[in-house]
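Some notes on the structure that comes next.
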Amino acid sequence: MSEKRLAGGREIVLPMSKAVEISFRSLKIRFGRSLITTSGVILAIAFLMSVWSSNAIVGSLRDVNKSEINLLLQKNGIETGLAESGEASAEAQARMLEEESKQTWLISLSLLVCVVGIANAMLMSVTERFREIGTMKCLGALDSFIVKLFLLESTFQGFAGTTAGIIIGFALTFLLALLDYGGYVLDYFPLNNIAESAGYALVVGTSLSLIGAMLPAYRAAKMEPVEAMRSDT
Amino acid sequence: MTETAEGAATAAPKEEKRTVVRTQQVKRVYKMGEIEVHALRGVDMEIYTGEYLSIMGPSGSGKSTFFNMVGGLDKPSEGKVYIDEVDVAQLDAYELAWLRCRKIGYIFQSFNLIPVMTALENVTLPMVFAGLTSDEARDKGMVLLGKVGLGERYSHKPNELSGGQQQRVAVARALANDPAVVLADEPTANLDLATGTEIIELLREMNRDSGVTIISATHDHKMLSVSDRVVWVKDGQVERVANREDLDIEVTHVEGE
Ligand SMILES: Nc1ncnc2c1ncn2[C@@H]1O[C@H](COP(=O)(O)OP(=O)(O)OP(=O)(O)O)[C@@H](O)[C@H]1O
Ligand SMILES: [Mg+2]
């Protein structure tokens, strides 16, 4: 009855929900460790978000171009009234560009460190769980299921960490801005800009977590199920 | 199908045996740098549906290596392995996963339950891979857990269960998709004597009830008394095969000594 049909076996349906459930559970049980991994994401994204929201707030205040605000800005070392002044602006512009590129460099560096950290943590997680992975493969898990498991795990982690990072980064910047510029921040709060930045940061953080987990997930999927059979360890 | 299998298991009529696993001159060489380890040196074996086969042999004789071949976990360096008359070497990754999922049940020496899952979830995992809905899987999982005597413990995590209980869950998991063959590589090695005997008896019971073929590797002489057939391997070769009838004589002989 089943003899020759083996080779043409019917599709093994692998419900996404199960993968989601398993990876979520894995995270919960290793909460301490995933918290450490996540802290890298939190810090990197908090930094990113803080830079972005600070830029947005300052930019919005500068655009108002009111003398009392300009005064406050200048007190904090920010050039104002770029549009009007002629000669001095070229120098100021150059300085601002330099500042900007330094920021970009720092942000890229922190994000890179973050990806490496994620990859490292996920690799450890894979090594730690070689028996679990091997067992699942013995039970009929396809490589794609294993990949899904680890990518999902990292994505959850990344999503949570990114959200926390956005909130922390924004909150700190906002408080500092309140100290520096008082109520003006609220009067000219660049809501759209900040929301947009938060959206970008969420995408960046989550995708970095996904990217960082790719190699580890692939390694996990390629693991031989024989490993699980090995009696010792 | 169950009936004939059961018939084969209990009465074991030699004529009506249906082969479920067949190996032809299986060799396996591990290359470790310059050195070649010949783990299997040409094993011919025929394993019949519904039988309880024990493989005995000293450490390093190639039992686990043989299991890996039969379970589709490893490919022979030479020779062929047929499961239900399908050549395992011809299967692609996808079909191999299918084979492991539907045709083979594994029982490991160290239980290998997934630590983050409850007993029930462990048992139902292969069913999920086989595409059952969660409801179907849960019902079937509960029946299986009941059969291994852990109906009450379904919500326990592996670390809340004793070794023997964990192995019972593993037995239930191995039977999840009604496999043709259950491979048990030294299933009692991590258990004490009494618990080990219980597991062996449980396996025997499952073998009688559902007609599933059980292949078990062991150093354990307790295994002999429940086996339909015993194969002794040594240095990667089959040394001797004994049927149940011959065994009875031997066991009494040993006990008499
Ligand atoms: N992955 C491997 N790489 C190299 N050699 C291996 C590997 N696996 C097994 N061997 C060798 O193959 C031979 C058979 O090993 P196998 O594990 O099959 O023995 P076994 O009968 O299961 O022993 P035990 O009773 O101790 O489990 C041994 O000499 C072993 O050293
Ligand atoms: Mg072994």
Checklist entry - Name the residues in region B:45-67 that are of a type in the set (Phe, Trp, Tyr) and within 12 Å of ligand 2 (Cβ to nearest atom), would you? => result B:PHE66, B:PHE67
Item to check | Selection within region B:21-47 - more than 13 Å from ligand 1 (Cβ to nearest atom), within 19 Å of the chain's Cα centre (by Cα) and open to solvent by less than 50 Å² (accessible area, probe 1.4 Å) | outcome: B:VAL21, B:THR23, B:MET45, B:ILE47
Checklist entry - Which one is surrounded by the fewest Cβ atoms within 10 Å (Cβ to Cβ) among residues in region B:81-101 that are touching a residue at least 60 places away in the same chain (Cβ under 8 Å) and more than 7 Å from chain A (Cβ to nearest Cβ)? => result B:TYR82
Next on the checklist: Given the criteria polar (S, T, N, Q) and either touching a strand residue (DSSP E or B) at 6+ places or on another chain (Cβ under 7 Å) or within 16 Å of ligand 1 (Cβ to nearest atom) (or both), does B:THR197 qualify?
Outcome noted: no
Checklist entry - Which one is farthest from the other protein chains (Cβ to nearest Cβ) among residues in region A:189-233 that are surrounded by fewer than 18 Cβ atoms within 10 Å (Cβ to Cβ) and among the hydroxyl-bearing types (Ser, Thr, Tyr)? => result A:TYR200
Next on the checklist: Just the residues that are of a type outside the set (Lys, Arg), within 14 Å of chain B (Cβ to nearest Cβ) and surrounded by fewer than 21 Cβ atoms within 10 Å (Cβ to Cβ), please, taken from region A:105-131.
Outcome noted: A:GLU128, A:PHE130
Checklist entry - Are there any pairs with C-beta distances below 9 angstrom linking a residue in region A:127-146 that is more than 18 Å from B:THR124 (Cα to Cα) to a residue that is open to solvent by 10 Å² or more (accessible area, probe 1.4 Å) and among the aliphatic types (A, V, I, L, M), with the two at least 6 apart or on different chains, and if so which? => result A:PHE130/A:MET223; A:ASP143/B:ALA93; A:SER144/A:LEU14
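The values are calculated or read from the model by the stated rules, or taken from the named source; none is laboratory data. Note that the coordinates shown come from a computational prediction; the quantities given were computed from them, not determined experimentally. Positions of Cβ are generated from backbone atoms using ideal geometry, with glycine treated the same way; all protein chains shown enter the neighbour counts. When the accessible area is computed, the model is the full protein with side chains, heavy atoms only, and any ligands, DNA or RNA have been set aside. Shrake-Rupley method; radii C 1.70, N 1.55, O 1.52, S 1.80 Å.
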